[in-house]
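Each reported figure results from applying straightforward, stated rules to the coordinates on display, with no laboratory input. Keep in mind it's a predicted model, so treat the numbers as computed, not measured. Please note: Cβ atoms are built from the backbone with ideal geometry, for glycine as well, and neighbour counts cover all protein chains shown.
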Amino acid sequence: MDQHDPPSHADGQIAEPGARLRVRPLVSADLPDLIRIDRESYTPELRESEAAFLSKLVLFRAGALGCFDGDQMCGYAFALPWKAGTLIGVAQVLDALPADPDVMYVHDMVAAPACRRRGVASTLLGEIARVAEALHLSRFELVAVQGSEPFWRQAGFQAVETFEYVPGVAATKMEMTV
Ligand SMILES: CC(C)(COP(=O)(O)OP(=O)(O)OC[C@H]1O[C@@H](n2cnc3c(N)ncnc32)[C@H](O)[C@@H]1OP(=O)(O)O)[C@@H](O)C(=O)NCCC(=O)NCCS
């Protein structure tokens with residue numbers, strides 16, 4: 001277990017608010033579903049690679065979470081203990097976690113198109129919040145893309161600035177302290 005891994009709360013848990021939704025840490029066998037949902041959900045400039053997914057899964061499995069309805073993956077999220085003000089790029093392959101993290105960085109949050117507005121992302125964010133709390137991280141940062149700001153705002157995040165995340169793709173840096 002990595003020094004940053006908190007005890008997992010996710011295995012086998014029925015998570016609220018989506019009553020039928022179950023959250024568990026991702027495994028490498030989930031990669032085909034991750035790639036499929038990523039391709040269904042992001043414009044080409046914002047798509048991850050298998051190597052990028054795997055690097056985050058290996059570095060911090062407690063923050064690599066899938067949301068399932070039965071056997072069907074409905075969404076996933078990747079969050080890592082990170083350094084405030086330091087962005088993670090699209091499809092960036094990570095090789096280490098910071099030694100002294102001070103934020104929980106939510107790098108990816110996706111609900112499959114057929115599963116939206118059912119609480120999938122809210123359920124995943126609730127689990128990320130539990131992981132952050134176990135690590136005593138009270139600050140969250142992320143880059144909102146594709147018009148997702150309303151989701152993040154209703155969850156408590158505030159916009160910090162807009163910028164170009166990748167060429168031609170507008171994004172909003174957002175943060176929250178709990
Ligand atoms: C953004 C996204 C993750 C939200 O996932 P979701 O599972 O549908 O979100 P939830 O069901 O938990 O939504 C909770 C609340 O957030 C708000 N919300 C969610 N999606 C919204 C949207 N498209 N427009 C406005 N408000 C939205 C609503 O208040 C919603 O509550 P309600 O359904 O009772 O009105 C999803 O639309 C998605 O995967 N988009 C494509 C990938 C992407 O761009 N991800 C963002 C990366 S930063």
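Being within 6 Å of the ligand (Cβ to nearest atom) and in a helix (DSSP H, G or I) is the filter here; which residues of region 139-153 pass it?
Of everything in region 139-153, those that are within 6 Å of the ligand (Cβ to nearest atom) and in a helix (DSSP H, G or I) turn out to be P150, F151.
Can you confirm whether S41 is within 15 Å of the ligand (Cβ to nearest atom), touching a helix residue (DSSP H, G or I) at 6+ places or on another chain (Cβ under 7 Å) and polar (S, T, N, Q)?
Taking the combined requirement at face value, the residue satisfies it.
Yes/no matrix, rows are residues, columns are (1) among the charged types (D, E, K, R); (2) without any contact (Cβ under 8 Å) to a residue 60 or more places away in the chain:
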{"site": "I88", "(1), (2)": "no, yes"}
{"site": "P101", "(1), (2)": "no, no"}
{"site": "Y105", "(1), (2)": "no, yes"}
{"site": "D108", "(1), (2)": "yes, no"}
{"site": "A112", "(1), (2)": "no, no"}
{"site": "L124", "(1), (2)": "no, no"}
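Of everything in region 92-138 that's within 12 Å of the ligand (Cβ to nearest atom) and part of a loop (DSSP other than H, G, I, E, B), which residue is surrounded by the fewest Cβ atoms within 10 Å (Cβ to Cβ)?
Out of the qualifying residues, it is R117.
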